[in-house]
Each structure stands twice: as C-alpha cells, then as structure tokens.
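The values are calculated or read from the model by the stated rules, or taken from the named source; none is laboratory data. On a predicted model such as this, the values are computed, not experimentally measured, just so you know. Neighbour counts run over all protein chains shown; Cβ positions are idealised from the backbone, glycine included. Accessible surface is based on the protein model in full, side chains and every heavy atom, while ligands, DNA and RNA are left aside. Shrake-Rupley method; radii C 1.70, N 1.55, O 1.52, S 1.80 Å.
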Amino acid sequence: MATDTPTDTDFGQVSRTKDVAFRLLALAATLVGIVSLAALLANVAVDAVGWLNWGFITSPPHPDPYEAGFLPALVGSIAIMLLIALITFPVGVGAAVYLEEYANDGLLTRFIQLNIANLAGVPSVVYGLLGLGLFVGLLGFGYGTVLAAAFTVALLILPIVIISAQEAIRAVPDSQRQASYGMGATKWQTIRNVVLPRAMPGIMTGTILALGRAIGETAPLIMIAAPTTVFGIPNSFESKVSAMPLQIYTWASYPETEFQYGVVAAGVVTLLIVLLTINSIAIVIRNRYQQRT
Amino acid sequence: MTANGGSSRSVSASDPGGSRSDATMTDNAPLGSPRVDNAVIKSRDLDVYYGDDQALHGVNMDIPERKVTALIGPSGCGKSTFLRSINRMNDLIDIARVDGDLYFHDKNVYDDDVDPVALRRKIGMVFQKPNPFPKSIRDNVAYGLRVQGKDDGDVDEKVHTALERAALLEEVEDQLDSSGLDLSGGQQQRLCIARAIAPDPEVILMDEPASALDPVATSKIEDLIEDLAEEYTVVIVTHNMQQAARISDKTAVFLTGGHLVEFDDTNKIFENPESDRVEDYITGKFG
C-alpha cells in the first residue's frame with residue numbers, strides 16, 4: 001500500500017432527520033387506531049362489570065334492567081350466522097371457481113365482475129329492502145324469521161365472499177395447474193385436487209371476515225321486520241328472530257340509565273366475544289387445513 | 001382458460017382423416033435429415049400463432065421412438081412452443097392457434113375427435129421449474145395414477161417403481177409421507193419426473209428440466225434422461241448446447257422467428273452442420 005497517499009477515513013454523515021420524523025409519524029398513525037379502539041373496549045368493559053353475568057346470557061329480556069337477559073338474541077345471532085355460512089360458502093366458492101377457472105374473459109364476464117364489485121359496496125339497508133321484497137314477500141319466508149334474516153344478510157356478504165375467494169384462487173400459481181393438466185387431469189380434477197385445496201385457507205379467511213361483518217348488521221334485519229326483542233329462543237327456521245346488535249340498539253333507546261349503560265355494555269361485550277370466538281374457531285380450522293396441504 | 005378447447009385449426013382438404021403419415025415434406029423441410037425411421041411423432045407444416053404473432057413457421061420433423069430428441073435454439077425461437085404443441089398444452093392459452101398437422105402414431109392430434117386430456121395421458125410432461133404439488137411425496141407420484149384411474153392395483157408398488165426409475169427412491173424411501181416441497185430443487189425435479197412416468201406414458205416432454213438446477217443436480221438429471229430413453233421417447237428443450245450434445249440422439253435447431261433450420265443426428269449437428277447460421281449458433285457466434 002502506498003504510504004504517500006493518506007487514505008481518507010472521514011466519510012461524513014448523512015442526515016437522518018426525515019427518517020426519524022417519518023417513523024414517528026407512521027407510529028402515530030398506527031396508534032390512533034389502536035389506542036382509540038383500546039379506549040373504547042376498556043370503557044365498555046368497565047361499564048359491563050356487574051352486568052355481564054351468567055344470568056344475563058341465560059335469561060330472556062325483561063323490563064327490569066336487573067332482570068334483563070340476552071339469550072334469545074344470542075342464540076338468534078348464532079343461528080343466523082351458521083345458516084349464512086352454509087349459504088354463502090358453497091355459492092360464493094362456486095361463483096368464484098366459475099369466474100376464475102371456467103368463464104372466458106369476455107364482455108359478459110367483465111360485466112358480471114364489475115357488478116359483483118359494485119354490489120359489495122351497496123348499503124346494507126338496500127339489501128334489507130331486497131330481502132323484504134324477495135324473501136319475505138315473493139318467497140314467503142315470513143317477516144323477521146331466521147330464514148329471511150339469514151338469506152338477506154347472506155346476499156349482503158356474498159359479493160365479499162366471492163371476491164375474496166376469487167383472489168385466493170387467482171393466487172394459486174399457474175405452474176400447479178399446468179402440472180395437473182400435463183398429467184392428463186381434467187379441468188374438474190385440477191380444480192378439485194390442486195386449485196381448491198391450495199386456495200382453501202384464503203377462501204376461509206375471506207368468508208370469516210365477511211361473517212364478521214354479517215354479525216354486526218342491523219339495518220337489513222330492521223327492514224325485514226325482525227322483532228327488536230323476542231322472549232323465546234328460536235326453535236325453527238320459521239321462528240321470529242332477533243339478533244344481538246338489534247337488541248342492543250333497542251336497549252340503548254330505553255329511558256333507564258341502567259339499560260343505556262350497564263345492559264348495553266354487557267350486550268356489546270357479549271357480541272364481541274362471540275365475534276372473536278367465531279374468528280378463532282375459523283382460524284384454527286384454516287391452520288389445520290394449511291398444514292395438511 | 002380452457003382445458004380442452006380454445007384452439008382452432010384449418011383442416012386441409014387433402015387430409016384423409018389423419019392417415020397421411022407418409023406425407024412428403026414440402027419446401028418447408030429443414031436442412032439435414034428431417035425424416036427418421038420408427039418415428040412416433042411427425043410434425044408437418046406446423047404453424048403456431050399467439051394472436052397475430054406467428055411463433056412457429058411450418059415445422060417439419062420426425063421424432064424417433066425411444067431416443068432422446070433435443071430442441072435447441074436461442075430464446076424466443078419457438079422450441080418450447082413446439083414442445084407444448086405436441087401434447088396440446090398450448091390449448092390452455094386462449095390466444096394460441098395451430099395450423100398444420102402433428103401426428104402421434106399416425107393420428108393427427110389436432111383432429112376434432114382427439115381429446116387433449118386423453119392425449120396428455122400418453123404424453124407426459126416435465127416443466128422448467130420443478131412444480132411438485134404441496135402434497136406428500138407418495139401422493140405427488142400417485143397423482144397421475146389417481147386422475148387417470150390407474151390406481152386400482154398396488155399404487156404403492158407403482159410409486160416405488162416410478163421413484164426408482166427417476167433415481168430418487170434411495171434418497172426418499174423413508175420419507176414418502178413428508179411433503180414434496182421439503183426436497184431440494186434437484187430432488188423436486190426428479191420427483192416431477194417420477195410423477196410424469198408413474199402412469200407409464202409413451203413420450204416424455206421436458207421443457208428445460210435442468211435450467212433451474214445446480215451442476216450436480218443437472219448431471220443427475222442428464223444421466224436419468226439417458227436411462228429413460230431405454231423405455232420412453234424423450235423430447236427435451238434446452239438452451240444448454242453441451243447438454244444437448246451429451247444426452248441427445250437427434251437435435252433440432254430452431255432459430256429466430258420460429259423456424260426449424262436444421263434437424264439431424266446430434267453428432268452431425270455439432271460436428272458438421274449444413275447451415276452456416278446453425279454453425280454460428282453452435283460455436284457461440286450469436287444467440
């Protein structure tokens with residue numbers, strides 16, 4: 001090494017001010033959502049103390065806030081959810097498979113595709129009107145029954161299920177389909193053995209998220225004339241049914257402050273627990289599926 | 001995407017139902033010796049279009065039984081397109097269209113009464129990137145048997161035989177139930193070869209099967225291909241000329257624009273090609 005040319009070891013410094021500033025800004029943006037949600041949850045949870053107990057979730061509603069229970073709405077919501085899952089999963093996956101694997105990329109397909117995307121954004125009250133006309137009126141499912149409620153809300157979340165299932169199917173690498181076709185598999189064999197197993201975790205995630213939206217829906221239930229309060233748990237598809245958000249909404253309009261704070265908070269916490277339970281069960285199912293494939 | 005439709009062809013009026021196997025080659029014949037004895041596959045004036053782009057121009061060549069036939073040429077020369085037109089994988093591309101004739105055992109595979117799914121059960125395929133299914137090694141190899149309804153007998157025995165032929169059995173014998181994705185790249189490609197030969201096809205098409213592999217894995221695949229030619233007709237696309245020279249019996253040279261320029265014994269192509277352009281390509285002057 002030449003000694004007469006001294007090496008310059010002072011590279012200087014590059015300013016990090018903007019790096020740091022942006023990082024703090026991004027952190028703040030993250031915290032706005034999380035902190036406000038946490039504050040809301042804490043507030044509701046504190047209000048629910050003393051109100052959310054075994055009696056609350058095992059009793060029917062009652063004019064006396066200290067006697068009021070949530071059981072019919074709780075069972076009603078779960079029944080509606082199960083039926084919605086049974087309706088939307090096969091229909092949604094079927095539609096997604098058709099659009100992704102069978103349909104030619106023609107004008108009609110694009111028209112259908114555009115409409116599905118638009119339907120996903122239609123306000124839920126409009127679906128309530130549709131449900132009232134179609135399921136209650138035309139098909140005679142009855143005002144405010146389990147059947148009418150489930151079909152109406154199922155229609156509402158169907159576009160979301162279809163779109164997320166399409167995305168999951170599209171994410172299956174084409175090399176996998178090629179491998180299957182190259183082995184002399186038919187289209188159905190390829191979909192059944194290669195595409196669907198691989199897309200299933202994604203399809204399930206989409207369906208779960210859609211169900212999460214469905215469990216909070218109130219407007220379409222009001223439109224199909226679901227009763228705000230029922231005193232018995234539904235025992236058939238034709239039973240009149242109320243749902244948790246509807247019952248909570250009703251309580252919130254009662255004059256007694258015990259209802260407005262304590263009972264409503266207990267209902268909200270129950271609703272959130274059910275929502276989280278459904279999500280966790282579905283995530284476990286999804287992970288199992290993922291490991292098998 | 002359609003599995004068994006999507007391509008159209010013009011049927012020439014002189015085509016008497018696919019028995020034109022002795023058809024003489026026209027002016028489109030490449031240099032060299034494009035006719036071979038005991039040909040299994042015969043391509044006659046085969047054109048392939050993707051939309052308005054013509055990817056292959058009047059390809060005329062024969063592929064001999066139980067030999068290794070290499071298709072070489074620079075990128076975009078149409079060699080993969082030709083390979084995929086043999087088992088009608090091009091049908092899967094909506095805009096692909098085929099003109100001309102391609103005979104497999106004297107039956108034109110582009111005749112209306114040919115089911116491409118049935119055709120692919122006779123002509124297996126191995127792809128450029130190893131593409132095992134996210135299933136166990138056993139289920140990967142058994143996939144073809146299952147979809148083809150050949151899983152009535154002893155599936156396990158057939159799986160073992162296929163893995164042995166693919167020179168993979170020793171390495172995976174104790175882990176047949178673990179995922180095919182846990183194998184190394186070279187092992188995955190041999191797994192794909194085992195999967196292709198398990199249902200016992202007549203022809204195996206290979207689309208640059210070693211291009212994604214390291215040299216050791218490549219040499220294993222090359223040894224394997226030479227062994228496979230004892231029982232199967234092998235057609236292999238490669239951009240590696242040394243590989244073609246090492247393992248193939250016949251070589252077809254495609255040059256730019258989708259023209260088959262010369263077809264002959266591999267030795268002849270590499271030692272004394274008729275075409276100057278082929279000689280330039282072989283010696284690395286272009287491409």
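Show me the helices (runs of 4 or more DSSP H) found entirely inside region A:81-182 where at least 1 residues are surrounded by 20 or more Cβ atoms within 10 Å (Cβ to Cβ) and within 14 Å of chain B (Cβ to nearest Cβ).
So the answer is A:146-170, A:174-182.
Note down all Cβ pairs under 6 Å where the first residue falls in region A:189-202 and is open to solvent by 30 Å² or more (accessible area, probe 1.4 Å), the second is in a helix (DSSP H, G or I) and not hydroxyl-bearing (Ser, Thr, Tyr), and they're at least six residues apart or on different chains.
Here the result reads A:189/B:147; A:202/A:168, each pair linking region A:189-202 to a residue that is in a helix (DSSP H, G or I) and not hydroxyl-bearing (Ser, Thr, Tyr).
Does residue A:205 satisfy being open to solvent by 10 Å² or more (accessible area, probe 1.4 Å) and in a loop (DSSP other than H, G, I, E, B)?
No, not satisfied.
Quick check on residue A:231: is it touching a Pro at 6+ places or on another chain (Cβ under 6 Å), more than 16 Å from residue A:44 (Cβ to Cβ), open to solvent by 20 Å² or more (accessible area, probe 1.4 Å) and touching a residue at least 24 places away in the same chain (Cβ under 8 Å)?
Here the answer is yes, as residue A:231 does meet what is asked.
Inside region B:58-155, counting only strands (runs of 3 or more DSSP E) that do not spill past its ends, which hold 2 or more residues that are more than 9 Å from chain A (Cβ to nearest Cβ)?
Output list reads B:68-72, B:96-104.
Could you list all residues from region B:137-163 that are in contact (Cβ under 8 Å) with a residue 24 or more places away in the chain and of a type in the set (A, V, I, L, M, F, W, C)?
Within region B:137-163, B:137, B:141, B:142, B:145, B:159, B:162, B:163 meet the criteria.
Going through region B:128-154 one residue at a time, which ones are farther than 14 Å from residue B:176 by Cα, open to solvent by less than 50 Å² (accessible area, probe 1.4 Å) and of a type in the set (S, T, N, Q)?
B:131, B:148, listed by residue number.
Here's the yes/no breakdown for (1) closer than 17 Å to residue B:109 by Cβ; (2) free of Cβ contacts under 8 Å to residues at least 60 places away in the same chain; (3) among the hydroxyl-bearing types (Ser, Thr, Tyr):
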site: B:41; (1), (2), (3): yes, no, no
site: B:45; (1), (2), (3): yes, yes, no
site: B:50; (1), (2), (3): no, yes, yes
site: B:57; (1), (2), (3): no, no, no
site: B:64; (1), (2), (3): no, no, no
site: B:67; (1), (2), (3): no, no, no
site: B:72; (1), (2), (3): no, no, no
site: B:76; (1), (2), (3): no, no, no
site: B:84; (1), (2), (3): yes, no, no
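Checking the structure you have, find out if any residue of region B:42-49 is open to solvent by 60 Å² or more (accessible area, probe 1.4 Å) and modelled with pLDDT of 90 or more.
No; the residues of region B:42-49 include none that is open to solvent by 60 Å² or more (accessible area, probe 1.4 Å) and modelled with pLDDT of 90 or more.
Residues of region A:257-293 being farther than 21 Å from residue A:84 by Cα, away from chain B (no Cβ under 14 Å) and surrounded by 14 or more Cβ atoms within 10 Å (Cβ to Cβ), which ones?
Of everything in region A:257-293, those that are farther than 21 Å from residue A:84 by Cα, away from chain B (no Cβ under 14 Å) and surrounded by 14 or more Cβ atoms within 10 Å (Cβ to Cβ) turn out to be A:258, A:259, A:260, A:261, A:262, A:263, A:264, A:265, A:266, A:267, A:268, A:269.
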